[in-house]
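Down below is the structure, laid out as structure tokens.
No lab work stands behind these numbers, since they all come straight from the coordinates. Computed from a prediction, not measured in an experiment: that's the story for all the values here. We place every Cβ from the backbone using ideal geometry, glycine too, and count neighbours over all the protein chains shown.
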There are 2 protein chains.
Amino acid sequence: MSDPVFLRPLTAPDADKGQAVVFGPDRALLLDSGRSLAPWTIAYKTYGTLNAARSNAVLICHALTGDQFVASSHPVTGKPGWWEIMVGPGKPIDTNRLFVISSNVIGGCMGSSGPAETDPATGETYGLSFPLITIRDMVRAQAMLIDHLGIDKLLSVIGGSMGGMQALQWAVSYPERVVSAMPIACAARHSAQNIAFHEVGRQAIMADPDWYGGSYYSRGTQPSKGLAVARMAAHITYLSEPALQRKFGRTLQNKGGISFLFAPDFQVESYLHHQGMSFVDRFDANSYLYITRAMDYFDLAADHGGILAEAFRGAKTRFCIISFSSDWLFPTAENKRVAHAINAAAGNVSFVDIKSDRGHDAFLLDEPEMFATVRGFLNSVAVSEGVA
Amino acid sequence: MSDPVFLRPLTAPDADKGQAVVFGPDRALLLDSGRSLAPWTIAYKTYGTLNAARSNAVLICHALTGDQFVASSHPVTGKPGWWEIMVGPGKPIDTNRLFVISSNVIGGCMGSSGPAETDPATGETYGLSFPLITIRDMVRAQAMLIDHLGIDKLLSVIGGSMGGMQALQWAVSYPERVVSAMPIACAARHSAQNIAFHEVGRQAIMADPDWYGGSYYSRGTQPSKGLAVARMAAHITYLSEPALQRKFGRTLQNKGGISFLFAPDFQVESYLHHQGMSFVDRFDANSYLYITRAMDYFDLAADHGGILAEAFRGAKTRFCIISFSSDWLFPTAENKRVAHAINAAAGNVSFVDIKSDRGHDAFLLDEPEMFATVRGFLNSVAVSEGVA
């Protein structure tokens, strides 16, 4: 275990940088593509204390652009952790009681092996020679980390969006190791519309001449404009039309009226620009390509003869699925479909659709019903597992 | 009247190229920005014959990427007209009975004055020195064309999407000249979400180094990659999630399975690529900037003290508004809002929401209920106006 190495300058160099494990050539990570990574690194961060029975470990899986800094300052941006509202002492995921682990997904850019890292075989930055990855690969890497930490069973695997895909995949890949799972605002497959939006983002990145076929690292540049466009397009899908209308409507930047120029006239434009520009300071464009592709490939039913229920056959995991009524990226119906499949496999599942106009992003926001659901479910699981 | 000059090579040089009127320095087009165009050109195409009473003229207004070739071969692409399903002899908009006029909007790139044309004041291509335009400016230009054609009253003004915005604006700007109007799949204002999607497209274009600040014409290039990304993003908004799922789902290009490459694996990706690539062959990137901006600026209520009904106060125009149930770009609720406002102004309006899963694009497709509605409404208006 060592400090992870970050590719980007740290704004908060005194922030806890978390830890990293390097698995050597004898512990290759076998990938769905048939390729493997060795040696490879997984960067992670923990909160709370593992109890003597090793029974209070909760794994939190991050979304597309998230990372291991769930509940503590992000060393690159200096901003609070992305789920501090949910995780910490006394919070719904209570670190006074639970040992929380979160790792950067492989393919990511916060210390785990990814396209921006050096390929040990060549001494060069991977770029596009990094193998394509899947959600199952991400989960396989996390399982090796959990082994490394000496943890046999996870009290819960929790995540929103792509994190929810991982929570589902955990329960399917390692049913005996997952006591409970909370997939939030996700789906058992990426839809055609979602693949389409991802492809627009990838094309925007790859159209940027500063991308250089993925080998921009050695040129001291990055496809910032393309990545910003990708982020802007994606960001619209994280919100809802009513939330955008309520938050911005047609409010102008300048009260004097429209400018008859192409500079941002509407507040919603400036907001999007800010989202795009701040993203490129903390995220690697190739990681964006790899991780979106992993999401596109996700289809739990396809791995089980096309029958989603088969994925959950015999699972003892307790599931709690949460969706948000205005989420059009991972709509209520897709979340419900997972709950139905678990039911059809005679599994144990509760399903909560939370009324909110905040769209997909709701899972990151102050949503009291989500907090109450997470707190109640985790408490019930902890009690039944004898966690104090 | 003369043949319009097209900037792009004609695939179908023997196709009817339509006509153009050049208004001289004494007939400047005054714009909402305070600027004006003189001389300026409007290119148009007509179908059918104007009757002796000049009472059977119908103006069809095109959408963002449409043009005057409503019902005849497009001279640049060689493809059929964009609304041949709707307009022609015996069709719902029956050219055996009606005289159909359609013009390319100003700011466009099919023969009307726009950023790709030569600025008569400098002898250089306009580029971004072309003035920004509004939907009202487009309509003001069309009114001058209608004057030029010696037509006092239009039996109907019809259009979908941005064409519907123009139909509404016609009834508001020239209520005494518009017997009836059929705004289809549109709104009285562009929403925050729609402005956001437009801004993503514009940023994609402007991020392309081949854009050269809008002055790419003299360099023999065009921002094709950026324009393709803009088109791909927009195209997703023209469809519906269910239609994408039905049409493509997660079907792969290659039956052998996923490639673990960034080339298109899913059919929906190849479809989007095709949409992007074929668009750049026929459309000017700067026109895309100008026309999307005009749509963003559209807000009929804002021009009337914030009260939409005031826009229609005293209007004698008969309105028929059509929406599609799965259109999320111009949702049923936005169309209905216009109908309510006309009602509130004691106007004459019928409103039809057509159940379809084809999203916004439905207005261009084979939708029998739309055809029946258009045919019935136009027949009723024609009869009451004494058109044979």
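Which pairs, out of A:K255/B:K355; A:K255/A:K355; A:K153/A:K336; B:K316/B:K336; A:K79/B:K225; A:K247/B:K247, put more than 29 Å between their alpha-carbon atoms?
Violating the 29 Å Cα-Cα cut-off are A:K255/B:K355; A:K255/A:K355; A:K79/B:K225; A:K247/B:K247.
Once Rh is set to the Kirkwood radius over Cα pairs, what Stokes-Einstein translational diffusion coefficient, in µm²/s, holds for segment B:173-244 at a temperature of 4 °C and a viscosity of 1.567 mPa s?
Estimated diffusion coefficient is 87 µm²/s.
For segment A:194-292, what does the relative contact order come out to in percent, with C-alpha contacts under 8 Å and a separation of six or more?
Here the relative contact order equals 30 percent.
Over 52 Å, how big is the tail of the calculated P(r) for the protein assembly as shown, in percent of all Cα pairs?
The calculated P(r) of the protein assembly as shown puts 20 percent of pairs beyond 52 Å.
Cut-off is 10 Å between beta-carbons; in what order do A:V229, B:V383 appear when sorted fewest neighbours first?
B:V383, A:V229
Mind computing the radius of gyration and Dmax over the alpha-carbon atoms of segment B:194-292? Å is fine for both.
Taking only Cα atoms of segment B:194-292, I get Rg and Dmax of 15.3, 46 Å.
May I ask for the net charge around B:V172, where only other residues with Cβ less than 9 Å from the Cβ of B:V172 are counted and Lys, Arg are +1 while Asp, Glu are -1?
Every neighbour counted, the sum reads 0.
Can you give the Rg to Rh ratio for chain A, taking only C-alpha atoms and Rh from Kirkwood?
Taking Rh as the inverse mean 1/r over Cα pairs, Rg/Rh reads 0.96.
Calculate the length of the line joining the C-alpha centroid of segment B:250-305 to that of segment B:132-173, in whole Å.
27 Å
Between copies, how close do the A:V22 label points come, placed 7 Å along Cα→Cβ, listed in nm from shortest?
Spelled out, the distances from A:V22's label point are 7.3 nm.
Provide an ascending nm list, one decimal, of label-point separations from B:H273 to the equivalent residue in each further copy; define each label point as 7 Å from Cα along Cα→Cβ.
Shortest to longest, the spacings are 3.4 nm.
What does the charge dipole of the protein assembly as shown about its Cα centre add up to, to the nearest 20 debye, if the Cβ of each Lys and Arg holds +1 and the Cβ of each Asp and Glu holds -1?
900 debye
Based on the Cβ-Cβ distance from B:K316 to B:D366, what FRET efficiency comes out when R0 is 30 Å, to the nearest 0.05?
Approximately 0.35, to the nearest 0.05.
So how much slack lies between A:K247 and A:Y212, counting 0.36 nm per residue of separation and subtracting their Cα-Cα distance, in nm?
Length gained, A:K247 through A:Y212: 8.8 nm.
Sort A:115-122, A:170-177, B:132-139 by packing, meaning the average of other beta carbons within 10 Å per residue, with the highest value first.
B:132-139, A:170-177, A:115-122
Say a label goes 7 Å from Cα toward Cβ at A:H340 in every copy; what distances in nm does this one have to the rest, shortest first?
3.2
Say we join alpha carbon atoms closer than 10 Å with springs in a Gaussian network model of chain A; which of A:K247, A:K17, A:K153 then has the biggest fluctuation?
A:K247
So what's segment A:70-200 giving for Rg/Rh, alpha carbon basis, Kirkwood Rh from the mean inverse pair distance?
My calculation of the ratio gives 0.98.
Using R₀ = 25 Å, calculate the FRET efficiency as 1/(1 + (r/R₀)^6) where r is the Cβ-Cβ separation of B:S2 and B:A53; round to 0.05.
Efficiency computed from Cβ-Cβ geometry: 0.35.
For chain B, what does the helix formula give at 222 nm: sum of -39500 (n - 2.57) over DSSP H segments with n ≥ 4, over the residue count, nearest 500 deg cm²/dmol?
Value at 222 nm, helices only: -10000 deg cm²/dmol.
Calculate the length of the line joining the C-alpha centroid of segment A:1-50 to that of segment A:194-208, in whole Å.
If you average the Cα positions of each part, the centres end up 27 Å apart.
Springs between alpha-carbon pairs under 10 angstrom, Gaussian network model over chain A: which of A:R189, A:R246, A:R313 fluctuates most?
Fluctuation is largest for A:R246.
Could you tell me which of B:A315, B:M295, B:F330 has its Cα farthest along the dipole of segment B:290-351 towards the positive end, charges placed at Cβ (Lys, Arg +1; Asp, Glu -1), taken about the Cα centre?
Comparing the listed Cα positions along the dipole, B:A315 ranks first.
Compute the Rg to Rh ratio over segment B:1-81 from the alpha carbon atoms, using the Kirkwood formula for Rh, and round to two decimal places.
Looking at segment B:1-81, the ratio lands at 1.01.
At a Förster distance of 22 Å, what's the computed FRET efficiency of B:M277 paired with A:L128, Cβ-Cβ distance as r, to 0.05?
Efficiency, rounded to the nearest 0.05: 0.50.
Just the number, please: percent antiparallel of the DSSP beta bridges in chain B, rounded to the nearest 5.
Bridges in chain B that DSSP calls antiparallel: roughly 40 percent.
Find the relative contact order for chain B and round it to a whole percent, using C-alpha pairs within less than 8 Å whose residues are 6+ positions apart.
Relative contact order here is 17 percent.
Considering only the protein assembly as shown, what is the antiparallel percent among its DSSP beta bridges, to the nearest 5?
In the protein assembly as shown, approximately 40 percent of DSSP beta bridges are antiparallel ones.
If you count, for every residue in B:29-36, the Cβ atoms of partner chains within 10 Å of its Cβ, what is the mean?
1
With chain A treated as a Gaussian network of Cα nodes joined by springs under 10 Å, which of A:G18, A:G213, A:G111 yields the largest mean-square fluctuation?
Comparing A:G18, A:G213, A:G111 in a Gaussian network model of chain A, the most mobile one is A:G213.
Find out how many positive minus negative residues lie around A:K17, taking Lys and Arg as positive, Asp and Glu as negative, among other residues whose Cβ is under 9 Å from that of A:K17.
-1
Once you put a point 7 Å from the Cα of B:S350 and another 7 Å from the Cα of A:L30, both along the Cβ direction, what distance in nm separates them?
About 6.8 nm separates the two model spin labels.
Please give me the summed charge of the neighbours of B:S112: other residues whose Cβ is under 12 Å from its Cβ, Lys and Arg +1, Asp and Glu -1.
Here the charged neighbours net out to -3.
For segment A:231-388, just the Cα atoms, rotate onto the principal axes and tell me the three extents in Å, largest first.
63, 33, 29
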